[in-house]
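Enquirer: I have a structure I would like to understand better, so I am pasting it below and will then ask my questions one at a time.
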Amino acid sequence: MSALRSLRFASLVVLGVLAGLAVLLWAGGYAIEPALTALWSGSVGTWYALTSATLVRTIPLLLTGCAVAIAFRAGVFNVGAEGQLLVGAAAAAAAALALGSWGPAAQGIALVAGALAGALWAGIAAQLRARYGVLEVISTIMLNFVALYLVSWLVRGPLQEPMHIYPQSSTLADATHLARIPGAGRLHVGLVLALAIIVLSGWALRHTAAGFRLQAVGESPSAARSAGLIDVQRTTGRAFMLSGAVAGLAGAVEVLGVTYALYENISPGYGYTAIAVALLARLDPWRVGVAALLFGALEAGAGAMQRDASVPSTLVSVIEALLILAVIGAQAWRARHASAIASPDDAAEAEA
Amino acid sequence: MSDVVAPFLAATIRTATPLALAAFGELLVERAGLINIGLEGAIIAGAFGALWGASVGGVAGGFAGAMAGGMLVSAVFAIFVIAFNADQIITGTALTLLGLGATGTLYRALYGSGGAALNVPTSAPLAIPGLASVPVIGTALFAQPPVTYLAYLLVPALWWWLSRTHAGLALRAIGERPDAAAAAGISLARVRTSSVLFGGALGGLAGGTLVIAQAGTFVEGMSSGRGFIAIAIVVLGRWRPLGVALAALLFGAASALQFAFQAMGWSAPYQLFLVAPYLLTLAALASATGRARAPASLGKPL
């Protein structure tokens with residue numbers, strides 16, 4: 001797909017989202033103009049909104065979106081990015097609280113701890129799939145709930161602040177906070193880390209043998225197996241845990257860069273939005289960059305819409321779901337179209 | 001002891017009812033070879049439909065609204081999966097997101113966001129004369145809201161329909177050998193669409209049970225994973241009506257343990273009880289998936 005086509009696709013999506021939003025607002029009896037004004041000014045209308053609201057929300061979506069894309073590419077339906085993010089946040093908070101006096105080293109350890117926790121959490125579902133054939137869609141959703149209650153227990157138990165009043169941890173030591181980007185409000189260097197991971201994942205999928213194996217297994221496990229030299233079980237297991245590690249890292253980055261403490265509602269559902277992000281990006285980590293920005297802006301704007309125009313912020317999940325349906329509907333239509341006419345251009349498009 | 005056992009049994013039945021209803025619906029869907037991960041969306045849509053229906057037409061209106069809500073969500077599933085040939089897992093995931101988001105939005109738009117909990121007419125327990133006075137188990141099993149008795153009746157009804165009727169045979173044939181069934185002149189699309197709509201109606205009814213027979217109100221996200229638990233129950237029940245009913249009871253019992261422990265004065269972090277059904281689901285899937293045989297075409301692209 002050429003750059004021009006990508007641009008055309010992206011603008012189509014943005015227009016579609018805005019049109020869908022306008023219809024939903026109209027159907028709900030809300031005034032469209034003030035709502036869309038709030039959406040604009042709360043997301044990209046000002047430098048402050050762009051950096052402190054939109055881009056700050058884009059960071060976890062970049063990472064979780066990338067996590068979902070990696071897993072889906074390998075044929076692993078990991079819908080547990082939310083739980084992996086939560087345990088990543090918990091592990092990073094625990095590490096940063098315990099090692100706060102170590103300064104920057106503690107920061108690095110906390111990031112690694114978050115990624116490891118996410119990988120292990122995904123590893124449970126990976127084991128259940130490999131050993132017992134348990135459908136990972138169900139096991140990862142169940143593990144999301146378990147992670148939610150785990151955090152709920154931690155912030156009222158072992159990790160609760162010393163006064164034992166609020167259900168949250170103590171504030172992390174300053175030295176463990178991710179540095180802010182100068183002149184960009186609350187935006188922190190987690191953005192650089194997230195972008196680096198996106199670029200690296202996209203490159204690895206395209207240009208390394210491991211990336212090729214992962215995609216081969218995702219597209220046709222039986223073909224990958226019979227072609228030889230690919231251990232399907234091991235490849236899917238690794239992809240699953242890698243996906244969990246990236247989602248866990250998202251949680252660690254959120255704790256160290258935004259909240260500076262662990263509490264229950266640390267994620268407004270980034271791990272679920274990530275599914276829409278990844279599908280819209282057609283499971284390509286590089287395109288995840290654009291899709292995450294779109295959803296980061298939508299989430300930021302939705303907060304402003306609720307504040308200024310009292311439009312329920314849950315409207316964003318409706319938009320996300322409709323977008324997923326639109327994408328898979330278009331893919332299904334295109335696949336049928338491509339097989340019926342089989343022009344080389346369409347076939348290539350359907351493969352991409 | 002009976003002051004612990006009777007409430008425990010009653011709580012078991014109460015928690016198991018919506019799970020069993022949703023699982024019975026999914027059972028038929030899966031026997032037809034599809035897997036509807038969007039069941040969670042159907043349940044929450046049913047819960048919202050119940051709220052809306054009950055505020056208009058009382059208890060009956062509530063249950064009608066519940067089934068309509070569930071069927072609406074599953075109709076979208078049927079269109080995407082059966083007509084468009086879209087991926088079942090991704091469609092189901094999107095519909096769960098859609099159900100949760102749309103009901104939350106509608107609730108806030110219609111009834112105000114921070115608003116006081118809205119109470120709807122509830123379906124009162126109906127004691128069955130004679131049976132309800134059996135010691136210990138009587139009130140637990142036979143002084144329940146009528147929808148629970150519907151769940152009881154569905155066990156033999158589904159068994160009979162699946163194993164003794166032509167339509168049931170056609171459904172099973174499609175789940176096992178879709179190509180052979182199609183060659184024998186069975187309309188795959190029609191049978192699968194009906195099963196998905198039936199599954200949606202029962203999923204919606206499960207959501208309606210939460211609102212009308214239990215909570216008496218709607219809470220955003222009140223389905224809290226029951227759709228996924230119901231799918232696990234179908235696996236644990238080995239795709240058979242009686243097995244599914246027993247598996248639902250097991251889950252009901254796990255959730256009801258917290259009431260029993262509270263009554264006995266045993267204390268533990270409350271999260272441990274809340275998390276029990278989800279852990280049990282994982283354990284159940286691990287122990288049941290390998291041994292039971294799923295319908296041969298389950299979840300495969302059409």
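The values are calculated or read from the model by the stated rules, or taken from the named source; none is laboratory data. Everything quoted here is computed from the prediction, not taken from an experiment. Positions of Cβ are backbone-derived with ideal geometry, glycine not excepted, and every protein chain shown enters the neighbour counts.
Enquirer: Report whether or not B:LEU272 is closer than 29 Å to B:LEU98 by Cα and either at pLDDT below 90 or of a type outside the set (D, E, K, R) (or both).
Expert: So B:LEU272 fails the test.
Enquirer: If you don't mind, another one. Among (1) modelled with pLDDT of 80 or more; (2) exposed (fewer than 15 other Cβ atoms within 10 Å of the Cβ); (3) of a type in the set (S, T, N, Q), where does B:SER123 come up short?
Expert: Among (1) modelled with pLDDT of 80 or more; (2) exposed (fewer than 15 other Cβ atoms within 10 Å of the Cβ); (3) of a type in the set (S, T, N, Q), the lone unmet condition for B:SER123 is (2).
Enquirer: Which of the residues that make up the range B:171-197 are of a type in the set (Lys, Arg) and within 11 Å of B:ALA78 (Cβ to Cβ)?
Expert: If the condition is that a residue be of a type in the set (Lys, Arg) and within 11 Å of B:ALA78 (Cβ to Cβ), then B:ARG190, B:ARG192 are the ones that fit.
Enquirer: Here is a check on your reading of the model: is A:LEU205 in contact (Cβ under 8 Å) with a residue 24 or more places away in the chain, surrounded by fewer than 19 Cβ atoms within 10 Å (Cβ to Cβ), closer than 15 Å to A:ALA69 by Cα and among the aliphatic types (A, V, I, L, M)?
Expert: no
Every residue, every condition in (1) closer than 18 Å to B:GLY204 by Cα; (2) outside any strand (DSSP E or B); (3) at the interface with another protein chain (Cβ under 9 Å from one of its Cβ atoms), yes or no:
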position: B:LEU95; (1), (2), (3): yes, yes, yes
position: B:GLY99; (1), (2), (3): yes, yes, yes
position: B:THR103; (1), (2), (3): yes, yes, yes
position: B:ARG108; (1), (2), (3): no, yes, yes
position: B:VAL120; (1), (2), (3): yes, yes, no
position: B:THR139; (1), (2), (3): no, yes, no
position: B:LEU153; (1), (2), (3): yes, yes, no
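Enquirer: Quickly run through the range A:66-92 and pick out the residues that are more than 14 Å from every other protein chain (Cβ to nearest Cβ) and either closer than 14 Å to A:SER169 by Cα or surrounded by fewer than 24 Cβ atoms within 10 Å (Cβ to Cβ) (or both).
Expert: Matches in the range A:66-92: A:ALA89, A:ALA91, A:ALA92.
Enquirer: Still on this model: Quick one: is B:ILE37 within 14 Å of another protein chain (Cβ to nearest Cβ) and aliphatic (A, V, I, L, M)?
Expert: Yes.
Enquirer: Here are the criteria: (1) assigned to a helix (DSSP H, G or I); (2) without any contact (Cβ under 8 Å) to a residue 12 or more places away in the chain; (3) of a type outside the set (Gly, Ala, Ser); (4) within 14 Å of chain B (Cβ to nearest Cβ). Tell me which single one A:ASN265 does not satisfy.
Expert: (1)
Enquirer: Which one is nearest to the other protein chains (Cβ to nearest Cβ) among residues in the range A:93-105 that are touching a residue at least 40 places away in the same chain (Cβ under 8 Å) and crowded, with 22+ Cβ neighbours inside 10 Å?
Expert: A:ALA93
Enquirer: Related question: Considering only the range A:296-318, I want to know if a residue exists there that is farther than 18 Å from A:ALA250 by Cβ, at the interface with another protein chain (Cβ under 8 Å from one of its Cβ atoms), touching a helix residue (DSSP H, G or I) at 6+ places or on another chain (Cβ under 6 Å) and among the small types (Gly, Ala, Ser).
Expert: Yes, that holds for at least one residue.
Enquirer: Could you list, in sequence order, the residues of the range A:22-31 that are within 14 Å of chain B (Cβ to nearest Cβ) and in a helix (DSSP H, G or I)?
Expert: A:VAL23, A:LEU24, A:LEU25, A:TRP26, A:ALA27
Per-residue answers, yes or no, for (1) within 19 Å of B:TYR107 (Cα to Cα); (2) hydroxyl-bearing (Ser, Thr, Tyr):
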residue: A:ALA297; (1), (2): no, no
residue: A:GLY303; (1), (2): yes, no
residue: A:ALA309; (1), (2): yes, no
residue: A:THR314; (1), (2): yes, yes
residue: A:SER317; (1), (2): yes, yes
residue: A:ALA326; (1), (2): no, no
residue: A:ALA330; (1), (2): no, no
residue: A:ARG334; (1), (2): no, no
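Enquirer: Going through the range A:130-154 one residue at a time, which ones are without any contact (Cβ under 8 Å) to a residue 60 or more places away in the chain, more than 7 Å from every other protein chain (Cβ to nearest Cβ) and not charged (D, E, K, R)?
Expert: Restricting attention to the range A:130-154, the residues satisfying the condition of being without any contact (Cβ under 8 Å) to a residue 60 or more places away in the chain are A:131-135, A:138-139, A:142, A:149, A:153.
Right, trim to more than 7 Å from every other protein chain (Cβ to nearest Cβ) and you get A:131, A:135.
Hit for the range A:130-154 is A:LEU135, nothing else.
Enquirer: If you don't mind, another one. Please count how many residues of the range A:1-21 are without any contact (Cβ under 8 Å) to a residue 40 or more places away in the chain and part of a helix (DSSP H, G or I).
Expert: 11
Enquirer: Would you pick out the residues in the range A:286-295 that are at pLDDT below 95 and crowded, with 24+ Cβ neighbours inside 10 Å?
Expert: A:ALA291, A:PHE295
For every residue, the table says whether it meets (1) assigned to a helix (DSSP H, G or I); (2) among the β-branched types (Val, Ile, Thr); (3) closer than 17 Å to B:ILE37 by Cβ; (4) within 11 Å of another protein chain (Cβ to nearest Cβ).
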residue	(1), (2), (3), (4)
B:GLY204	yes, no, yes, no
B:GLU220	no, no, no, yes
B:SER224	no, no, yes, yes
B:GLY227	yes, no, yes, yes
B:ALA230	yes, no, yes, yes
B:VAL235	yes, yes, yes, yes
